[in-house]
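Visitor: Quick one: structure below, then a few questions.
Derivation of every value follows stated rules applied to the coordinates shown; laboratory data play no part. Computed from a predicted structure; not experimentally measured. Methodologically, a virtual Cβ is constructed for each residue, glycine included, from the backbone with ideal geometry; neighbour enumeration extends over all protein chains shown.
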Amino acid sequence: MSQKIALITGVTGQDGAYLSEFLLKKGYIVHGIKRRSSLFNTDRIDHLYQDPHVENQNFFLHYGDLTDSTNLIRIIQEVKPDEIYNLAAMSHVQVSFEMPEYTANTDGLGALRLLEAIRILGMENNVKLYQASTSELYGKVQEVPQTENTPFYPRSPYAVAKLYAYWATVNYREAYNMFACNGILFNHESPIRGETFVTRKITRAASKIALGLQDKMYLGNLDAKRDWGHAKDYVKMMWMILQAEEPEDWVIATGKTTSVRDFVTMAFDYLGVTLKFEGKGIHEKGIVTAVSKSEYNISLGQEVIGIDEKYFRPTEVELLIGDASKAFKKLGWKPDHKLEDLVYDMMKSDLNLMKKESYLKKGGYTIMNYFE
Ligand code: NDP
Ligand code: GDR
């Protein structure tokens with residue numbers, strides 16, 4: 001049987017990197033679309049890079065952008081993928097309030113451009129498409145837990161754009177008989193999660209605080225609750241969705257929800273540090289009440305968490321908790337990781353990273369001032 005070919009948009013992102021690894025292990029030839037940037041943006045996939053001069057390559061990168069339909073058409077025409085995973089997006093909810101038009105263009109119209117590219121090339125019946133939909137579609141709470149049948153109520157330009165992409169995917173499936181599916185994925189994190197999403201921000205800052213590289217971190221809404229899973233489990237599900245008998249839409253979630261405050265507490269637990277939260281709203285503080293590991297630079301009474309209003313969103317999504325029973329029953333999917341495993345993986349990795357930073361700093365190697 002010939003090797004299957006996958007095309008991944010957003011290959012340089014968290015999910016793109018894990019999905020590439022997963023598909024390569026399954027024997028796929030993987031093509032990824034990366035954006036041109038003035039600095040290298042391929043950190044997460046550098047270990048998969050292959051010298052283009054060697055034979056039998058199975059991992060290829062193409063320059064491209066979801067805002068450029070001619071580029072998408074050309075790449076699809078060249079690559080002739082069996083499966084396309086549309087993971088590219090301006091994926092930060094808070095940033096979408098600052099860049100609503102760009103977000104709509106990439107996350108909403110970008111999905112349409114891909115669907116149209118497939119149609120223009122006459123490939124409707126020989127390519128399967130996965131659209132990275134999101135639990136942000138549920139927005140303002142209508143019912144919990146959220147299922148494939150829960151009504152949507154988007155609360156950000158990001159979610160509004162993703163709503164357009166969701167329905168475009170459904171519409172192309174119904175209108176042109178395409179194997180096009182939405183994975184409605186709840187939050188999933190990992191050691192390579194983008195640094196400005198709350199989990200990674202917390203694990204990085206907690207590690208820095210432990211090593212004395214920083215005293216305190218500032219967060220926004222500590223009451224927000226998310227259904228956090230591990231990205232490794234979720235990319236497997238993206239693939240399973242495209243192997244299903246029929247094209248459908250699927251909720252992928254753990255079924256458990258945790259507040260940002262509890263996530264912070266778990267991250268500090270890893271360091272042997274107990275926190276107490278006191279005060280309300282913007283006056284809330286996280287204070288150290290017990291320290292059981294002497295190797296870290298954290299002291300009793302230290303105020304490690306503060307609130308900064310700039311992280312509050314104009315409209316917030318307060319509670320997400322998904323019901324993935326359809327995927328459990330029909331596809332046999334179950335996550336392998338619990339939240340405790342996720343916090344452990346992220347803390348271990350960030351503590352290591354920050355230790356390296358600390359050694360370099362102590363050795364005088366970090367400050368490269370090109371302008372002196
Ligand atoms: P990341 O932010 O880590 O990655 C996004 C990727 O999209 C990056 O490769 C980025 O490139 C690329 N990208 C951004 N804008 C464009 C553009 N205009 N054209 C082409 N590529 C672009 O996101 P995740 O990996 O976490 O998420 C993957 C997808 O799943 C996204 O669509 C996200 O919205 C969605 N999603 C994510 C969830 C999560 O919890 N992680 C949950 C539900 C949905 P660059 O590296 O150059 O910035
Ligand atoms: P989210 O993820 O908006 O759910 O979108 P994020 O980690 O940014 O926020 C989660 C919750 O934490 C609250 N919060 C903070 N968030 C950030 N980023 N920084 C802070 O300092 C902070 N303090 C509190 C937020 O208000 C929010 O309630 C992610 C993205 O990956 C989307 O692309 C994806 O679609 C959804 O998950 C599912």
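Visitor: Report the residue, chosen from HIS92, HIS188, HIS230, that carries the largest GNM mean-square fluctuation when the chain is represented by alpha-carbon nodes joined by springs under 10 Å.
Guide: Sorting by GNM fluctuation, first place goes to HIS92.
Visitor: Using modelled amide H (1.01 Å from N, peptide plane; none on Pro or chain starts), what sits under 5 Å from the amide H of ILE84, excluding residues fewer than 5 places away?
Guide: Hits under the 5 Å cutoff: LEU7, LYS128, LEU129, TYR130.
Visitor: Select from TYR359, TYR234, TYR153 the residue whose mean-square fluctuation is largest in a Gaussian network model of the chain (Cα-Cα springs shorter than 10 Å).
Guide: Among TYR359, TYR234, TYR153, the largest mean-square fluctuation in the Gaussian network model of the chain belongs to TYR359.
Visitor: Using Cα positions and a limit of under 21 Å, work out the lysines in reach of LYS329, with same-chain residues fewer than 8 apart set aside.
Guide: LYS329 reaches LYS232, LYS236, LYS256, LYS338.
Visitor: Fewest Cβ neighbours within 10 Å first, please rank LYS285, LYS34, LYS362 accordingly. Show your work: numbers first, answer last.
Guide: Working: LYS285 15, LYS34 21, LYS362 9.
Sorted ascending by nearby Cβ count, the order is LYS362, LYS285, LYS34.
Visitor: Now, a different point. Residue by residue, what Karplus-based ³J(HN,Hα) values in Hz, rounded to whole numbers, does segment 140-153 have, using 6.51, -1.76 and 1.60 with θ = phi - 60° and x for Gly and Pro?
Guide: For segment 140-153, the Karplus curve yields 5, 4, 9, 7, 9, x, 8, 10, 4, 9, 5, x, 8, 8 Hz.
Visitor: For LYS80, which lysines qualify as cross-link partners when the Cα separation must be under 18 Å and same-chain residues fewer than eight apart are set aside?
Guide: Output for LYS80: LYS4, LYS34, LYS128.
Visitor: Additional query: Quick check on the chain: helices-only [θ] at 222 nm, where DSSP H runs of length 4 and up contribute -39,500 (n - 2.57) each and the sum goes over total residues. Nearest 500, please.
Guide: Numbers: 11 runs with 132 residues, N = 372.
So the helix-based figure for the chain works out to -11000 deg cm²/dmol.
Visitor: Any lysines with Cα under 18 Å of the LYS361 Cα? List them, leaving off those in the same chain fewer than 8 positions away.
Guide: Excluding near neighbours in sequence, the set is LYS208.
Visitor: Run through the DSSP bridge list for the chain and note the antiparallel percent, rounded to the nearest 5.
Guide: On the way: 10 of 45 bridges.
In the chain, DSSP labels about 20 percent of beta bridges as antiparallel.
Visitor: Sticking with this one: How large is ³J(HN,Hα), in whole Hz, for each residue of segment 274-287 in order, when computed from phi with the Karplus curve 6.51 cos²θ - 1.76 cosθ + 1.60 and θ = phi - 60°, using x for Gly and Pro?
Guide: 9, 10, 10, 9, 9, x, 10, x, 6, 9, 5, 9, x, 10
Visitor: Also, quick follow-up: Going highest first, how would you order 189-200, 166-177 by mean Cβ packing within 10 Å? Numbers along the way, then the final one.
Guide: Values: 189-200: 18.8, 166-177: 17.2.
Peptide ranking by packing, descending: 189-200, 166-177.
Visitor: Placing +1 at every Lys and Arg Cβ and -1 at every Asp and Glu Cβ, with all other atoms neutral, what dipole size does segment 173-227 have around its Cα centre, in debye to the nearest 20? Please list the in-between numbers first.
Guide: Working: 9 positive and 6 negative charges, 37 e Å.
Computed about the Cα centre, the dipole is about 180 debye.
Visitor: Give me a comma-separated list of calculated 3J(HN,Hα) values for segment 351-358, in order, Karplus coefficients 6.51, -1.76, 1.60 applied at θ = phi - 60°, integers in Hz, x for any Gly or Pro.
Guide: Computed from phi, the couplings for segment 351-358 are 5, 4, 4, 6, 4, 4, 4, 5 Hz.
Visitor: For all pairs of alpha-carbon atoms in segment 1-98, what percent lies in each bin of width 5 Å, listed from the first bin to the last filled one?
Guide: Going from the shortest bin to the longest, the percentages are 2, 12, 24, 24, 20, 10, 4, 2, 1, 0.
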